[in-house]
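The values are calculated or read from the model by the stated rules, or taken from the named source; none is laboratory data. The shown structure was predicted, so the numbers you read here are calculated from the model rather than taken from an experiment. All Cβ positions, even for glycine, are placed from backbone atoms using ideal geometry, and neighbour counts span all protein chains on display. Just so you know, the surface numbers come from the protein's heavy atoms only, side chains and all, with ligands and any DNA or RNA stripped out. Shrake-Rupley method; radii C 1.70, N 1.55, O 1.52, S 1.80 Å.
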Amino acid sequence: IMICAAEDVSNADPQALVVAVNASLAAERLGMPEAQIVLAQAAAYVACAPKSNSAVCAIEKAMNYVANHKTAPVPVHLMDSHYKGAAKLNHGIGYKYAHAYPNHYVEQQYLPDELVGTVYYAPTDNGVERRIKEYLRRLKGE
């Protein structure tokens, strides 16, 4: 149930994983035959939940990139600046602290130069992911 909740339901209904994990804990504590009721409830919840595999697709895309490319350098403004000599290397210069901006979001490059514009996680229109997608669009002013 937990794998299905994470892999097949995912962010379309994030509560599916919470239900599945708690059902497994309850089943451990209750034992059979009572645990079958808890497990049946969780299985029904996960089976009826909206589905999305966009998190799995994001992991696969990222892992494929890592497997087939050299590690790209971290943008200099994201590099650690809390040590002596960091300023000489320009580490941390130009970094924008997202929590100091409205909605705790700021336009800033996080990916290495060669990956700018790459999207790994693309929310679907199913369930909660629709809200996630709309939220991300609003943040970016789209």
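Observations on the structure shown:
- Answer from Lys70, Lys84 - the residue that is of a type in the set (Lys, Arg) and under 17 Å from Asp113 (Cβ atoms): Lys70
- Residue in the range 12-26 that is surrounded by the most Cβ atoms within 10 Å (Cβ to Cβ), counting only those that are over 24 Å from Ile132 (Cα atoms) and not polar (S, T, N, Q): Ala23
- Matching residues in the range 51-71 - criterion: being open to solvent by 60 Å² or more (accessible area, probe 1.4 Å) and of a type in the set (S, T, N, Q): Asn53, Asn64, Asn68, Thr71
- Selection count, the range 72-95, where residues are charged (D, E, K, R) and open to solvent by 100 Å² or more (accessible area, probe 1.4 Å): 2
Every residue, every condition in (1) farther than 28 Å from Thr118 by Cα; (2) open to solvent by 40 Å² or more (accessible area, probe 1.4 Å), yes or no:
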site: Ser10; (1), (2): no, no
site: Glu28; (1), (2): yes, yes
site: Gln36; (1), (2): yes, yes
site: Ala40; (1), (2): yes, yes
site: Ala44; (1), (2): yes, yes
site: Ala49; (1), (2): yes, no
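- Where Arg138 falls short, out of the listed (1) farther than 27 Å from Leu17 by Cβ; (2) at pLDDT below 95; (3) not aliphatic (A, V, I, L, M): (1)
- Residue match in the range 96-104 (condition: hydrophobic (A, V, I, L, M, F, W, C), farther than 24 Å from Ala16 by Cβ, open to solvent by 60 Å² or more (accessible area, probe 1.4 Å) and at pLDDT 95 or above): yes
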